[in-house]
Amino acid sequence: MGFAIRQHGKGYEVSITNMHGQVRLEDFWSPYGGATREECSEYIARIRAASEEISKDIMKKRKAG
C-alpha cells in the first residue's frame, strides 16, 4: 500500500494505491476546496512518520511481553 497525489478539480487529493501503484481508494484526503500539492506531500510525510512511531511502540510492547 502506498499513497499518490492526484489532481482533483482545481486542487489535489491524496489517494491510496496498491503494491502496483494503481489507485485503490480515491479522495482519501482532500479538504473542502481541495489541497495544494505541498499540503498533500506534508500529509503523506506525517502519516508515514506516525506509522513508524506506532510500529516502534507496538514492537516495544511485544518485547516487554
Applied in sequence order to segment 7-19, the curve 6.51 cos²θ - 1.76 cosθ + 1.60 (Karplus, θ = phi - 60°) yields integer Hz couplings, x standing for Gly and Pro, of 5, 9, x, 8, x, 10, 9, 9, 10, 9, 10, 8, 5
Between the residues Phe3, Ile54, Ile16, the Cα farthest towards the positive end of the dipole of the chain, that dipole coming from +1 and -1 charges on the beta-carbon of Lys, Arg, Asp and Glu, is from Ile54
Residue-normalised 222 nm signal for the chain, counting each DSSP H run of n ≥ 4 as -39,500 (n - 2.57), nearest 500 deg cm²/dmol, is -15500 deg cm²/dmol
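Within the set of other residues whose C-beta is less than 14 Å from the C-beta of Arg46, count the net charge using Lys and Arg as +1 and Asp and Glu as -1. Write out the running numbers ahead of the final one.
Numbers: positive: Arg48; negative: Glu38, Glu39, Glu42, Glu52, Glu53.
In short, -4.
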Under the 7 Å Cα-to-Cβ spin-label approximation, Gln22 and Arg62 lie apart by a distance in nanometres of 3.0
Simple SL model, points at 7 angstrom along Cα→Cβ for Ser55 and Arg6; separation in nm is 2.5
To the nearest 10 degrees, the tilt of helix 37-64 (Cα long axis) against the first principal axis of the alpha carbons of the chain is 10
For Arg24, other-chain or 5+-apart residues with amide H closer than 5 Å (H placed, Pro excluded) are Ile16, Thr17, Asn18
With Cα springs under 10 Å, the Gaussian network model of the chain assigns the largest mean-square fluctuation among Tyr12, Tyr32, Tyr43 to Tyr32
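Each reported figure results from applying straightforward, stated rules to the coordinates on display, with no laboratory input. Note that this is a predicted model, so its numbers are computed, not measured. We place every Cβ from the backbone using ideal geometry, glycine too, and count neighbours over all the protein chains shown.
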